[in-house]
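Everything below concerns the one structure shown next.
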Number of protein chains: 2
Amino acid sequence: MSENTTERQAGGGRRARGGGAARRAERTAPRIEAARYITRNIPDFEVLTPEAIEIIELNAETVLEEIGVSFVDNPAALKRWRDAGADVSGDRVRIPRGLARQLCATAPSRYTQHARNPERNVEIGRRNLVLAPVYGPPFVRDLHGGRRYATMADFEKFVKLGYMSKWLHHSGGTVCEPTDVAVNKRHLGMLYAHMRWSDKPFMGSVTERSRAVDSIRMCEILFGADFVGANPVMTSLVNINSPLTFDNIMMDALEVYAEAGQGCIISPFIVGGAMAPVSVAGTLTQVLAEVLAGVAYSQLIRPGAPAIFGAFVTSIDMNSGAPTFGTPEASKILWGAGQLARRMGLPFRSGGALCGSKLPDAQAAYETANTLNAMLLGGVNFCLHAAGWLEGGLVSSFEKFVLDADQLGVLHSLAEGVDADADAQAMDAIREVGPAGHYLGCAHTQAHFKDAIWRSQVLDYKPFETWHDDGGLDSHQLAHARVQRLLRDYTAPAIDPGIDEALQAYVAERKASEPDAYA
Amino acid sequence: MSENTTERQAGGGRRARGGGAARRAERTAPRIEAARYITRNIPDFEVLTPEAIEIIELNAETVLEEIGVSFVDNPAALKRWRDAGADVSGDRVRIPRGLARQLCATAPSRYTQHARNPERNVEIGRRNLVLAPVYGPPFVRDLHGGRRYATMADFEKFVKLGYMSKWLHHSGGTVCEPTDVAVNKRHLGMLYAHMRWSDKPFMGSVTERSRAVDSIRMCEILFGADFVGANPVMTSLVNINSPLTFDNIMMDALEVYAEAGQGCIISPFIVGGAMAPVSVAGTLTQVLAEVLAGVAYSQLIRPGAPAIFGAFVTSIDMNSGAPTFGTPEASKILWGAGQLARRMGLPFRSGGALCGSKLPDAQAAYETANTLNAMLLGGVNFCLHAAGWLEGGLVSSFEKFVLDADQLGVLHSLAEGVDADADAQAMDAIREVGPAGHYLGCAHTQAHFKDAIWRSQVLDYKPFETWHDDGGLDSHQLAHARVQRLLRDYTAPAIDPGIDEALQAYVAERKASEPDAYA
């Protein structure tokens, strides 16, 4: 794994703008180990035959042409579509066969999202995989505190855990909803937390046009306006209201970000059987139609704006109506969507540490591991929810966050593939040991034992008796201890004090400019 | 999943030898749902490049030619090898380049292992996957009883749980070690339990030559001697004492079974870094050399004897020396070994519900799911340890048995691939629902909701409030309840009373013929 890992001085790098004080702070900050984003040296797993792909692509065009998509409360969008050659009637947009795919052609196949620490920049697309934490839960849970509404204090803890996690490349967005802050102001605190308590790349706000604008303004303070004008510094999540509906709030955010050349994930949000057909091929048809329309629209805003082919798709329990995770249907849809995304030449977003369990127990881990394994092999380029997701996304779990983040290390090593150079062939070792010997002490093992095999930082590897004498702790308890240790050891990355002051001033001014709103 | 599932009258089928009484018993027995073995409709995941395969195959031949393998305390084996053209010196057998592979050519690429209920027959090889339970643990664990030495009563419970498990195709072998029975007699009780309390195929004893002979004798009673002479009715586990050593006890068993035309898994048992080099390519080289020698030897005993390319390979924690499971290195070795096995045209055994955790917690499930997913995609044909394995194989867990067995349903559905016929395309449903509708009530969903999506039989899908009011149970507790329910509902498959009597008489006679031995 060593080749995928970099170590660095926290806060070091390109934009030490603050002169001597900032540079001194950087030199004394503790070293945080962080892995480079994954670049796959293994093939993608493909479940669709060429014939199935052809059928789904044909059907998706038929959906766009005959059924169309709705752009709700958005006259400007309807005008853009009409001008582009679509058939618009009411808020329904019917797109002639081939037009959407043709518009999508200007979207880049890859882009670099910049972080304030340039060593944390991520390239999204190609054979790469960028891992970002859970997004959206209104609740948090931990071992002793149980399940409760999330607060800004919880939010900051998750940002810090993400910063400390070697295998997470991205700080994410709404790692939980800080419900103790007014709805119209919480985006300011969330953005500040990502900018101040981490130095990894992050996501912008999408819940209102002005909040997307705030996200860009704050990035201009952090990175400089010229830099933001010329480079993606955010990748934000624009959900499609499946089936086939683009609501105006999400489109407001997409319009702001695309116009500014910032990256967006354009993502059907589907519980299969409820928001899409119950069959895999039917769901893929709808996913493709929705992404074609959404990415095409981003290119109508600004050709070349970075757009990611998203597919958040889970299955449904037909007995209870509950969304279910880690199911075979979800994996097959993920694999199929990956094939469709690669055919479009777009970066692909799917997967995550998804589960329906209420607790970070065996159910949570089976469902999560099923999804993470499918995600790695399915060629995903951007994986949201890669750590901390619990209870169908209603809960951000502290313990599951560190358990999942640890498992992401498995993916890094899997992605490296198999080295078959002379050293890896180990013929000298086999000759040295011969029949009935053992390899623990041989030269080859001694030279490689530190990095040859992935090692968990949280799971239990003790002999039974030691484990038992140490209290017989389960994974939940071991993870709880790790959360406490990480938060205790956390040290903030250095930041230019002038920038920090300007960010705080912007947040204060914007908060003072309007009354609190809670809906 | 419907196409992979068969239902049947327990005990029905070919060999209702016992006349009216047996047939009446069969007609009144409850219906047990059991899935057909998996036939993959998805590709294999291949991690080795053609160049890497070529290197590993070349190096394995070099190992056999220059280093050789040891056949310990086995003059007859040394003579067979010498006659076949090997260079034998002491107990070391050096095999000229190409000879082992050439001898392996007579091993079949597939074979049918027969069960006493012919609907439970399994075809081992090709695109098929047969799932069998955990093998070997001296301890058992359950939620309330904790960890304790296994007994014959525990053994029988695991056989019954395997019989009740829809997704297990095979009853396995030593589902736990019945430590309350003398070592020289426990195989008799284990074989009887598989034959009487299940009707799925099973494994023979390998711990002593006479016990392998007993296994065949008991099968002759169950199936008829002519049938056993002409058909594989057992698949037994012959471990190689890695590195490169074939001990005489295991070879005794292999010789008995191969001579009788019965199937054997010939399997390196490797903790990577201890019994093989610490690198993936080095381990694969040794695995291939060992399997080449072992399968070749089986063909020296009887050309055409069914032999499976086995690879039980796990990794090591270099800090503690403990074996570790669900690691990326183990998955890569599994995938690579699968490629090597397919190049030899042999059925492939690897994987399982492997984990190192002491409890059926999140660690156990992450490690297990990592392994099961790699196993399915790696083209495994026979998966031992597919349910119940805990604590590195020291413990058979009742709760983990039913949790793992449930997850095997995921593999069945994944293996089906994606249907893209007109009905699966669901274009009528997409037209019917249109933008902003929902699919729950549409005709396509109503027609398919029962079988379109895999559903767990043990995990929790309730809304939070219901789950909480029902006691807030975790997976361990839910699984415990399922174990109790299954054992309560168990009904033995019918058996011809005359055969049962003859089996019991054989066991009694053999037990009386020698004193108990406990070592």
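The values are calculated or read from the model by the stated rules, or taken from the named source; none is laboratory data. This is a predicted model, so every value here is computed, not measured. Methodologically, a virtual Cβ is constructed for each residue, glycine included, from the backbone with ideal geometry; neighbour enumeration extends over all protein chains shown. Areas reflect the complete protein model, heavy atoms only, side chains present, ligands, DNA and RNA absent. Shrake-Rupley method; radii C 1.70, N 1.55, O 1.52, S 1.80 Å.
Quick check: anything in segment A:128-145 out of contact with any helix residue (DSSP H, G or I) (no Cβ under 6 Å at 6 or more places or on another chain) and either of a type in the set (S, T, N, Q) or in a helix (DSSP H, G or I) (or both)?
yes
Quick one: is B:Ile453 at the interface with chain A (Cβ under 7 Å from one of its Cβ atoms), within 27 Å of A:Leu359 (Cα to Cα) and either out of contact with any Pro (no Cβ under 8 Å at 6 or more places or on another chain) or among the hydrophobic types (A, V, I, L, M, F, W, C) (or both)? Before you say what the answer is, go through the steps one by one.
Values: at the interface with chain A (Cβ under 7 Å from one of its Cβ atoms): yes; within 27 Å of A:Leu359 (Cα to Cα): yes; either out of contact with any Pro (no Cβ under 8 Å at 6 or more places or on another chain) or among the hydrophobic types (A, V, I, L, M, F, W, C) (or both): yes.
Against the criterion (at the interface with chain A (Cβ under 7 Å from one of its Cβ atoms), within 27 Å of A:Leu359 (Cα to Cα) and either out of contact with any Pro (no Cβ under 8 Å at 6 or more places or on another chain) or among the hydrophobic types (A, V, I, L, M, F, W, C) (or both)), B:Ile453 qualifies.
For residues in segment B:417-455 being farther than 15 Å from A:Ser242 by Cα and basic (Lys, Arg), which is nearest to the chain's Cα centre (by Cα)?
Among those that are farther than 15 Å from A:Ser242 by Cα and basic (Lys, Arg), it is B:Arg455.
So which of B:Ser279, B:Ser315 is open to solvent by 10 Å² or more (accessible area, probe 1.4 Å), within 30 Å of A:Asp419 (Cβ to Cβ) and either modelled with pLDDT of 95 or more or small (Gly, Ala, Ser) (or both)? Lay out the reasoning, then the answer.
On the way: B:Ser315 fails: open to solvent by 10 Å² or more (accessible area, probe 1.4 Å).
Only one candidate qualifies: B:Ser279.
What is the one condition in (1) within 14 Å of chain B (Cβ to nearest Cβ); (2) closer than 30 Å to A:Ala52 by Cα that A:Asn248 does not satisfy?
(2)
Condition check: more than 10 Å from every other protein chain (Cβ to nearest Cβ), crowded, with 24+ Cβ neighbours inside 10 Å and not basic (Lys, Arg). Does B:Trp389 satisfy that?
On the way: more than 10 Å from every other protein chain (Cβ to nearest Cβ): yes; crowded, with 24+ Cβ neighbours inside 10 Å: yes; not basic (Lys, Arg): yes.
For B:Trp389, the condition - more than 10 Å from every other protein chain (Cβ to nearest Cβ), crowded, with 24+ Cβ neighbours inside 10 Å and not basic (Lys, Arg) - is met.
Output the number of residues of segment B:438-490 satisfying the condition of being touching a residue at least 24 places away in the same chain (Cβ under 8 Å), outside any helix (DSSP H, G or I), under 24 Å from B:Gly145 (Cα atoms) and open to solvent by less than 60 Å² (accessible area, probe 1.4 Å).
Adding up the residues that qualify gives 3.
I'd like the full set of residues that are in a strand (DSSP E or B) and surrounded by fewer than 22 Cβ atoms within 10 Å (Cβ to Cβ), limited to segment A:237-260.
Pass one, segment A:237-260, residues in a strand (DSSP E or B): A:237-241, A:245-246.
Of everything in segment A:237-260, those that are in a strand (DSSP E or B) and surrounded by fewer than 22 Cβ atoms within 10 Å (Cβ to Cβ) turn out to be A:Asn239, A:Asn241, A:Thr245.
Yes or no: B:Val287 within 13 Å of chain A (Cβ to nearest Cβ) and within 22 Å of the chain's Cα centre (by Cα)?
Numbers: within 13 Å of chain A (Cβ to nearest Cβ): yes; within 22 Å of the chain's Cα centre (by Cα): yes.
Answer is yes for this residue.
Against the condition in contact (Cβ under 8 Å) with a residue 24 or more places away in the chain, in contact with a Ser or Thr (Cβ under 8 Å, 6 or more places away or on another chain) and within 12 Å of chain A (Cβ to nearest Cβ), how does B:Leu414 come out, does it pass?
Considered against the rule, which asks whether it is in contact (Cβ under 8 Å) with a residue 24 or more places away in the chain, in contact with a Ser or Thr (Cβ under 8 Å, 6 or more places away or on another chain) and within 12 Å of chain A (Cβ to nearest Cβ), B:Leu414 comes out as yes.
Just give me the residues in segment A:212-224 being open to solvent by 10 Å² or more (accessible area, probe 1.4 Å) and either out of contact with any helix residue (DSSP H, G or I) (no Cβ under 9 Å at 6 or more places or on another chain) or closer than 22 Å to A:Val130 by Cβ (or both), in sequence order.
Initial filter on segment A:212-224 (open to solvent by 10 Å² or more (accessible area, probe 1.4 Å)): A:213, A:216-217, A:220-221, A:224.
Those that are open to solvent by 10 Å² or more (accessible area, probe 1.4 Å) and either out of contact with any helix residue (DSSP H, G or I) (no Cβ under 9 Å at 6 or more places or on another chain) or closer than 22 Å to A:Val130 by Cβ (or both): A:Ile216, A:Gly224.
Please identify the pairs in which a residue from segment A:300-324 that is within 14 Å of chain B (Cβ to nearest Cβ) and touching a residue at least 12 places away in the same chain (Cβ under 8 Å) has its Cβ atom under 7 Å from the Cβ atom of a residue that is assigned to a strand (DSSP E or B) and open to solvent by 30 Å² or more (accessible area, probe 1.4 Å), counting only partners at least 6 apart or on another chain.
Close Cβ pairs satisfying both conditions: A:Thr314/A:Pro323; A:Ile316/A:Pro323.
Got a number for residues in segment B:326-338 being touching a helix residue (DSSP H, G or I) at 6+ places or on another chain (Cβ under 6 Å) and more than 10 Å from chain A (Cβ to nearest Cβ)?
2
Tell me yes or no: at least one residue of segment A:355-362 is in contact with a helix residue (DSSP H, G or I) (Cβ under 9 Å, 6 or more places away or on another chain), more than 7 Å from chain B (Cβ to nearest Cβ) and within 20 Å of A:Ile266 (Cβ to Cβ).
Applying the first criterion (in contact with a helix residue (DSSP H, G or I) (Cβ under 9 Å, 6 or more places away or on another chain)) to segment A:355-362 yields A:355-362.
Remaining after also requiring more than 7 Å from chain B (Cβ to nearest Cβ): A:355.
Narrowing further to those that are within 20 Å of A:Ile266 (Cβ to Cβ): none.
No, the conditions are met nowhere in segment A:355-362.
Go through segment A:145-186 residue by residue and tally those that are touching a Ser or Thr at 6+ places or on another chain (Cβ under 7 Å), surrounded by fewer than 22 Cβ atoms within 10 Å (Cβ to Cβ) and under 15 Å from A:Phe398 (Cβ atoms).
2
May I ask you to say which residue of B:Ala508, B:Ala422 is open to solvent by 20 Å² or more (accessible area, probe 1.4 Å), more than 30 Å from A:Glu54 (Cα to Cα), small (Gly, Ala, Ser) and more than 8 Å from chain A (Cβ to nearest Cβ)? Reasoning before the result, please.
Working: B:Ala422 fails: more than 30 Å from A:Glu54 (Cα to Cα).
Sole residue among the options that is open to solvent by 20 Å² or more (accessible area, probe 1.4 Å), more than 30 Å from A:Glu54 (Cα to Cα), small (Gly, Ala, Ser) and more than 8 Å from chain A (Cβ to nearest Cβ): B:Ala508.
Looking at B:Ala341, B:Ala374, B:Ala365, which is the one that is at the interface with chain A (Cβ under 7 Å from one of its Cβ atoms), open to solvent by less than 10 Å² (accessible area, probe 1.4 Å) and either assigned to a strand (DSSP E or B) or more than 20 Å from B:Arg36 (Cα to Cα) (or both)? Step through it out loud before you land on a result.
Details: B:Ala341 fails: at the interface with chain A (Cβ under 7 Å from one of its Cβ atoms); B:Ala374 fails: at the interface with chain A (Cβ under 7 Å from one of its Cβ atoms).
Going through B:Ala341, B:Ala374, B:Ala365 in turn, just one is at the interface with chain A (Cβ under 7 Å from one of its Cβ atoms), open to solvent by less than 10 Å² (accessible area, probe 1.4 Å) and either assigned to a strand (DSSP E or B) or more than 20 Å from B:Arg36 (Cα to Cα) (or both): B:Ala365.
Report those helices (runs of 4 or more DSSP H) wholly inside segment A:46-127 carrying at least 1 residues which are open to solvent by 40 Å² or more (accessible area, probe 1.4 Å) and either in contact with a Phe, Trp or Tyr (Cβ under 7 Å, 6 or more places away or on another chain) or within 27 Å of A:Ser236 (Cα to Cα) (or both). Before the answer, list the steps.
Details: elements: A:50-62, A:75-84, A:99-104.
Per the criteria, A:75-84, A:99-104.
Here are some conditions: (1) touching a residue at least 24 places away in the same chain (Cβ under 8 Å); (2) open to solvent by 10 Å² or more (accessible area, probe 1.4 Å). A:Ala293 meets all but one. Which one does it not meet?
Checking A:Ala293 against (1) touching a residue at least 24 places away in the same chain (Cβ under 8 Å); (2) open to solvent by 10 Å² or more (accessible area, probe 1.4 Å), the one that fails is (2).
Any residue at all in segment B:490-510 that's out of contact with any helix residue (DSSP H, G or I) (no Cβ under 7 Å at 6 or more places or on another chain), at pLDDT 95 or above and under 17 Å from B:Asp406 (Cβ atoms)?
no
Say we look at segment B:425-450 and pick out the residues that are more than 7 Å from every other protein chain (Cβ to nearest Cβ) and among the hydrophobic types (A, V, I, L, M, F, W, C); which of these is nearest to B:Ser475 (Cα to Cα)?
Residue satisfying both the conditions and the ranking: B:Ala447.
How do the pairs read when you match residues in segment B:145-166 that are within 14 Å of chain A (Cβ to nearest Cβ) with residues anywhere that are modelled with pLDDT of 95 or more and not in a strand (DSSP E or B), using Cβ under 7 Å and keeping only pairs 6 or more apart or on different chains?
Close Cβ pairs (under 7 Å, with a partner that is modelled with pLDDT of 95 or more and not in a strand (DSSP E or B)) amount to B:Tyr149/B:Pro138; B:Tyr149/B:Thr179.
Kindly check whether there is at least one residue in segment A:188-202 that is out of contact with any Pro (no Cβ under 8 Å at 6 or more places or on another chain), assigned to a loop (DSSP other than H, G, I, E, B), open to solvent by less than 10 Å² (accessible area, probe 1.4 Å) and farther than 24 Å from A:Val63 by Cα.
yes
Out of the residues in segment A:261-276 that are buried (at least 24 other Cβ atoms within 10 Å of the Cβ) and assigned to a loop (DSSP other than H, G, I, E, B), which is modelled with the lowest pLDDT?
A:Gly273
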